[in-house]
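**Student:** Right, I'll just put the structure down here and ask away after.
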Amino acid sequence: MTMKTRTKKLLIAIFSLIIFLSAANMASAQYLWNDTTAFKAGEANSGRLWGYTFGDFAYKGHSDSLNRGGSNQYTGIPQSRTTFQFRRIYLGYDYNISKKFSAELLLAAEDNFPAGNPPSSSAASGDELLNNKLSFYIKLANVRWKNIWKGTDLIVGQIGTPAFPALSEKVWSYRSIERTVADIRRTPSYDMGASLQGVFDPATKNVGYNLMVANGSSAKPESDNFKWFYGDIYAYLFQKHIVLDLYADYERLNWTSSWHHSRSMVKGFIAWNSSATAKTMNPGTGYTIGVEGFVNNLKNDLVAAKISGGNDTLTNAASAISMYIHGDIVPGKLRFFARLDLFNPMNKVDNTTYTGYKGNTGNYNDNSYTLSGSTYTATGDETYKQTFVTAGLDFKPAPRVHFMPNIWYNSYKSQIGGNNQGHDVVYRITFFYAFGKNYDNGGF
């Protein structure tokens with residue numbers, strides 16, 4: 001797609017959104033675009049325009065010598081580089097068609113990677129036009145049929161998945177600092193399909209579920225016959241102070257007579273929030289402690305080179321765990337946050353039998369790269385474990401406005417070729433602001 005064509009489509013999308021908002025407002029002048037009270041009450045022809053933005057001033061304090069880390073935003077960025085950068089811009093509109101039906105539209109401008117980041121790319125990538133300028137795309141567009149049966153909604157279109165957006169990301173509350181542990185590996189946060197979202201106890205809403213079948217390609221058109229199946233069940237305990245969540249998904253990746261290749265994740269999450277009420281958790285206030293972990297079974301994914309010659313095809317299990325805490329220092333004005341992630345991409349490393357491994361599932365086969373002049377050369381080492389650490393302060397001068405000095409650190413340790421270690425470290429001042437919806441850092 002040329003830059004001219006993409007720009008034209010973007011202008012049409014924005015112009016259509018403006019017409020839609022104007023028509024909705026004229027059809028029922030008593031409702032304001034940002035009338036959250038009317039919208040939450042489900043009044044017909046009520047809606048709200050909303051959005052949020054976050055970005056940073058960042059300084060790259062140290063770069064890993066082998067340019068590891070895959071598609072994180074700092075892999076391949078040279079040491080001592082400074083930058084002002086948006087990392088997400090959202091513009092959304094929620095609209096009640098009637099008491100039974102509502103619609104959601106979200107435009108997003110997010111990833112913006114320069115050339116060489118990740119190192120395997122020779123050109124800029126992400127949500128960019130051909131001139132490297134950041135561009136909006138359609139992230140969510142769906143219709144919700146409320147209470148298709150008591151306590152359950154049916155949603156059709158491009159939808160937030162059950163993987164983490166609805167719960168664990170909100171309790172983590174600092175998407176502006178980093179993705180959740182499953183999001184870092186690019187488990188889809190949104191997808192095109194159909195979903196059932198419901199609760200087993202409509203009066204208290206303490207136990208619920210989220211089922212979805214979708215393309216597995218996020219905002220891109222479907223390119224194969226395989227669908228991604230998602231399932232999630234959660235429970236709030238002790239007046240919603242504790243939340244438990246169990247998630248699973250499955251997708252075939254390749255399915256021929258000689259190669260049955262698939263992925264299936266199981267993920268668990270538990271968190272405690274001190275200021276929860278019988279109605280909701282409040283992870284943006286008080287203290288919150290959370291733990292999230294997954295195992296992703298990658299069937300027949302690894303091609304392992306044998307010392308004796310030839311290859312074996314192995315089933316791999318990638319795993320990760322994330323632990324965090326955030327809480328008040330000065331309630332309503334100043335908070336702190338800290339997080340530790342441990343990630344192992346391969347559990348089948350056997351240095352007495354194999355010399356190397358090649359994975360076949362994206363974001364679980366991150367390579368290592370040496371740099372000579374302007375040329376990156378892959379080393380073939382995809383085995384390295386990663387340890388991610390972040391910590392910082394969250395200053396809120398006004399509701400929905402945040403300034404957050406923080407440190408971003410990711411270390412790497414190979415499981416082959418000796419004790420090959422390295423790290424990236426970035427010092428940042430992150431900003432976040434929101435309007436039209438009760439967003440504070442992407443929390444509840």
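The values are calculated or read from the model by the stated rules, or taken from the named source; none is laboratory data. In this text, all values refer to a predicted model and were calculated from it rather than measured experimentally. In this analysis, Cβ positions are derived from the backbone assuming ideal geometry, glycine residues included, and neighbour counts consider all displayed protein chains. These accessible areas exclude ligands, DNA and RNA; they are computed on the full protein's heavy atoms, side chains included. Shrake-Rupley method; radii C 1.70, N 1.55, O 1.52, S 1.80 Å.
**Student:** Which percent of the Cα-Cα distances in the stretch 354-435 go past 20 Å? Write down the numbers at each step before the final one.
**Tutor:** On the way: 1805 of 3321 pairs.
The share of Cα pairs beyond 20 Å in the stretch 354-435 comes to 54 percent.
**Student:** Where the Cα atoms of the stretch 282-347 are projected onto their three principal axes, how long is each span, largest first, in whole Å?
**Tutor:** Largest first, the stretch 282-347 extends 63, 19, 12 Å along its Cα principal axes.
**Student:** Sticking with this structure for a sec: Okay, helix-only estimate at 222 nm for the chain: each DSSP H run of n ≥ 4 adds -39500 (n - 2.57), divide by all residues, round to 500 deg cm²/dmol; what do you get?
**Tutor:** On the way: 4 runs with 39 residues, N = 444.
Counting only the DSSP helices, I get -2500 deg cm²/dmol.
**Student:** Nearest 0.05, what FRET efficiency do SER372 and VAL291 give at R0 = 35 Å with Cβ-Cβ as r?
**Tutor:** So the FRET efficiency works out to roughly 0.25.
**Student:** State the percent of C-alpha pairs, over all pairs in the stretch 293-443, separated by a distance greater than 26 angstrom.
**Tutor:** 45
**Student:** Between SER121 and residues 5 or more places away or on another chain, which pairs have amide H atoms under 5 Å apart, with H built 1.01 Å from N, and which residues are they?
**Tutor:** Close amide H contacts, sequence-distant or interchain: GLY116.
**Student:** Output the peptides 165-173, 243-251 sorted from most to least packed, where packing is the average of other Cβ atoms within 10 Å over each peptide's residues. Write out the running numbers ahead of the final one.
**Tutor:** Numbers: 165-173: 23.0, 243-251: 19.6.
Listed from highest to lowest mean packing, they are 165-173, 243-251.
**Student:** I would also like to ask the following. Greater than 20 Å separation of Cα atoms is the criterion. Which listed pairs, LYS150/LYS205; LYS170/LYS299; LYS396/LYS437; LYS100/LYS150; LYS205/LYS240; LYS99/LYS139, meet it?
**Tutor:** Correct reply: LYS170/LYS299; LYS99/LYS139.
**Student:** Run the simple label-point estimate for ASN347 and GLU222 please: 7 Å along Cα→C-beta, distance reported in nm.
**Tutor:** Reported label-point gap for ASN347 and GLU222 is 3.2 nm.
**Student:** If you fit an axis through the alpha-carbon atoms of helix 3-27 and take the longest principal axis of the Cα set of the chain, what angle between them do you get, 0 to 90°, nearest 10?
**Tutor:** 20
**Student:** Probe radius 1.4 Å, ligands and nucleic acids ignored: give me the carbon and sulfur share of the accessible area of the chain as a rounded percent.
**Tutor:** On the way: 12390 of 20040 Å².
Roughly 62 percent of what the probe reaches on the chain is carbon or sulfur.
**Student:** Could you report the chain's accessible area per residue, 1.4 Å probe, as an integer in Å²?
**Tutor:** With the other protein chains kept in place, the chain gives 45 Å² per residue.
**Student:** Which lysines, if any, have their Cα less than 23 Å from the Cα of LYS60, not counting same-chain residues under 8 positions apart?
**Tutor:** Of all the lysines, those that pass the test against LYS60 - Cα under 23 Å, at least 8 places apart if same chain - are LYS133, LYS385, LYS413.
**Student:** Dividing the Cα convex hull volume of the stretch 326-379 by residue count, how many Å³ per residue is that? Write down the numbers at each step before the final one.
**Tutor:** Numbers: hull volume 10.6 nm³, N = 54.
Normalising the Cα hull of the stretch 326-379 by residue number yields 197 Å³.
**Student:** Once you have a ≥ b ≥ c as the square roots of the Cα gyration tensor eigenvalues for the stretch 172-258, tell me rounded if a/c is under 1.5, and otherwise prolate or oblate according to whether a/b is larger than b/c.
**Tutor:** Cα axes put the stretch 172-258 in the prolate bin.
**Student:** Stokes-Einstein diffusion coefficient for the stretch 116-197 at 20 °C in a medium of 1.002 mPa s, Rh from the Kirkwood formula over Cα pairs: what value in µm²/s?
**Tutor:** Here the translational diffusion coefficient equals 141 µm²/s.
**Student:** Compute the relative contact order of the stretch 138-268 as a whole-number percentage, counting only Cα pairs closer than 8 Å that sit 6 or more residues apart in sequence.
**Tutor:** This gives 18 percent for the stretch 138-268.
**Student:** OK, next. Strictly greater than 13 Å: what percent of every Cα pair in the stretch 111-163 meets that?
**Tutor:** On the way: 958 of 1378 pairs.
Considering the stretch 111-163, 70 percent of its Cα-Cα pairs are separated by more than 13 Å.
**Student:** Based on Cα positions only, what radius of gyration and what Dmax would you give for the stretch 32-148, in angstroms?
**Tutor:** Calculated on Cα positions, Rg and Dmax stand at 19.6, 58 Å.
**Student:** Pairwise over distinct Cα atoms, reciprocal of the mean inverse distance: report the Kirkwood radius of the chain in Å, one decimal place.
**Tutor:** Working: mean 1/r = 0.0428 Å⁻¹.
Final number for the Kirkwood radius of the chain is 23.4 Å.
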